[in-house]
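Data block below; observations after.
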């Protein structure tokens, strides 16, 4: 475990508090997304999904992250593949309580569906951004409005990392919510973990130093709509860590596989094992 990597989010949290991070949070409307700094390829509100890419893709960043930083690599890749891509900053640098952020996500998804004419959306989320949409799906009416939920090193069962609770005691209610065994996660993971409606693809790395253990990312459910992926099963030399994962070329291949087919990612898919980054 690399202590510097674990401490860095806490330093970021302190900076967020000092600078007044509330200004980073999107209101869930298209106008808020228009004025925030979007990653390349995202938030073209004139984009209309086509038959090959019927669902717009909403990218959901992780705790202490902004959409511009989190999705600088994956967003333009998805746009180049023909997807309508959207992203937004939420929950005071994604530190607000999970239910509050999920409500913002619901409102943003409704705006995307209205503006694009799509009946459903796809979510691709990193860390908290892979777990938090499940709250929307399970408790806020999202089960009929989401086609794919792809989690990149998601905190589905939280983390045993003690720094999560330490951060939560200062400026990060979402960190408390993401602590293993929290009331939020106990409620969220009560059967069924993966409610009927969306297809779920969860991508984990053995070298995750934030979500501990890395198997916390996995969901239980039928193979027909849940696929759990460990990067090193297909690419043993892949050393991607938690923060690197959204920028990893192998991860991108799994994301595209999940979005491009009926059902979750094909567990038999074998990506090209490219270098990290």
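Quick notes on this one:
- Search result, residues across region 221-237 that are part of a loop (DSSP other than H, G, I, E, B) and under 18 Å from the mean Cα position of the chain (by Cα): 225
- Residues being surrounded by fewer than 20 Cβ atoms within 10 Å (Cβ to Cβ), under 15 Å from residue 254 (Cβ atoms) and touching a strand residue (DSSP E or B) at 6+ places or on another chain (Cβ under 6 Å) - total across region 219-238: 1
Condition check ((1) within 15 Å of the chain's Cα centre (by Cα); (2) more than 17 Å from residue 71 (Cβ to Cβ); (3) surrounded by fewer than 22 Cβ atoms within 10 Å (Cβ to Cβ)) across all residues:
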| residue | (1), (2), (3) |
| --- | --- |
| 107 | no, yes, yes |
| 123 | yes, no, no |
| 143 | no, yes, yes |
| 146 | yes, yes, no |
| 154 | yes, no, no |
| 177 | no, yes, no |
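- Any hit, region 249-268, residues being within 21 Å of residue 178 (Cβ to Cβ) and in contact with a strand residue (DSSP E or B) (Cβ under 9 Å, 6 or more places away or on another chain): yes
- Check on residue 216, within 20 Å of residue 123 (Cβ to Cβ) and assigned to a loop (DSSP other than H, G, I, E, B): no
- Single condition residue 260 does not satisfy, out of (1) at pLDDT 95 or above; (2) farther than 21 Å from residue 79 by Cα: (2)
- Test: residue in region 76-83 that is surrounded by 24 or more Cβ atoms within 10 Å (Cβ to Cβ), under 11 Å from residue 39 (Cα atoms) and in contact (Cβ under 8 Å) with a residue 12 or more places away in the chain: no
- Considered as a group, the residues in region 197-211 that are part of a loop (DSSP other than H, G, I, E, B) and free of Cβ contacts under 8 Å to residues at least 60 places away in the same chain include one that is nearest to residue 256 (Cα to Cα), and that residue is 205.
- Residues of region 239-270 that are without any contact (Cβ under 8 Å) to a residue 60 or more places away in the chain, within 13 Å of residue 208 (Cβ to Cβ) and either touching a helix residue (DSSP H, G or I) at 6+ places or on another chain (Cβ under 7 Å) or buried (at least 20 other Cβ atoms within 10 Å of the Cβ) (or both): 240, 248.
The values are calculated or read from the model by the stated rules, or taken from the named source; none is laboratory data. Fair warning: this is a prediction, and the values are worked out from it, not measured in the lab. Because the Cβ atoms are built from the backbone with ideal geometry, glycine has one as well, and the counts that use them run over all protein chains shown.
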